[in-house]
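Engineer: Following this message is one structure expressed as C-alpha cells.
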Amino acid sequence: MKTALLVIDIQNDYFEDGTMTLIDSERTAENAKLLLDRFRIEGSPIIHIQHIATKPTATFFLPDTKGAELYNTVKPLPTEKIIIKHFPNSFRETELLDYLKSNKIENLVICGMMTHMCIDATTRGAKDFGFNCILIGDACTTRDLSINGETVKAKDVHNSFLAALNYFYSTVITTENYLNEN
C-alpha cells in the first residue's frame, strides 16, 4: 500500500513574530523536517497543505503575506505537491482527495499545525474517506485555548486531541518511533 506524507499548515504566522504564534513551533517544524527527509530519501509522495485565509475577518494566513508562506524549515521542493485550502479540513473544496486516489495512496503520515483545528479535521476526514492514518504527535502543535473564562494550556489541548484521534481515526506515535519502525 502506497504511503504519503501530509504536511499541514507549517506556515510563518505560527512562529515567533507571526500573528498566531503556537507553542513549540520550532521543535514541531524540526520533527516535520526529519519526516520530510525520510520521505525524500525514499522517493515517497509528499503533499504540503497551505492555508490561505478568505474570511474578511481573518487575522492570519492573509493572502500575499509573509505570514501565509510555508515555513523555511519545511519548504517544499519543486517536485512536491502543494495544495491550497481555505478551511480546517484539507479535503474540503480542494483537490486532495482526487490527488490521493489518482496516485493510489492508501496510507497517510500526518504532521503539522494546529492540532485542535486543521490536524483534527483533516485526520478525521482522511479516515472517513478510507485512508489509514498515522499521526506524528510531536510533529504537531497548538496553542492555549479558553472556554467560559478558563484557559486550557496548549499541552492539555494537544494531548486531548491526540488521545481522541488515537485508536479509531489514527495511530498516534512520535517522530522517533516512526523513523525507527519504518
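Rule-based calculations on the coordinates, nothing more; no lab input. On a predicted model such as this, the values are computed, not experimentally measured, just so you know. Cβ atoms come from the backbone with ideal geometry, glycine included; neighbour counts cover every protein chain shown.
Engineer: Where a Cα-Cα gap under 29 Å defines reach, which lysines qualify for K81, not counting those fewer than 8 residues away within the same chain?
Structural biologist: Correct list for K81: K2, K33, K55, K66, K101, K104, K127.
Engineer: Express in whole angstrom the spacing between the alpha-carbon centres of the range 1-73 and the range 145-160.
Structural biologist: After rounding, the separation between the Cα centres reads 22 Å.
Engineer: Inverting the mean 1/r over all pairs of different Cα atoms, compute the Kirkwood radius of the range 60-139 and quote it in Å.
Structural biologist: Evaluated over the range 60-139, this radius sits at 13.7 Å.
Engineer: Given the chain, what percent of its DSSP beta bridges are antiparallel, to the nearest 5?
Structural biologist: 15
Engineer: Please list 139-146, 158-165, 34-41, 108-115 highest first by mean number of surrounding beta-carbon atoms within 10 Å per residue.
Structural biologist: Highest mean packing first, the order is 108-115, 139-146, 158-165, 34-41.
Engineer: Hey, got a sec? Which GluC sites (Glu not before Pro) in the range 75-153 land in a DSSP loop and have at most 12 other Cβ atoms within 10 Å?
Structural biologist: E93
Engineer: Right, something else. Using the Karplus curve 6.51 cos²θ - 1.76 cosθ + 1.60 with θ = phi - 60°, what ³J(HN,Hα) values do you get for each residue of the range 63-74, in whole Hz, with x for Gly and Pro?
Structural biologist: My calculation for the range 63-74 gives x, 6, 10, 4, x, 7, 5, 5, 5, 4, 4, 10 Hz in order.
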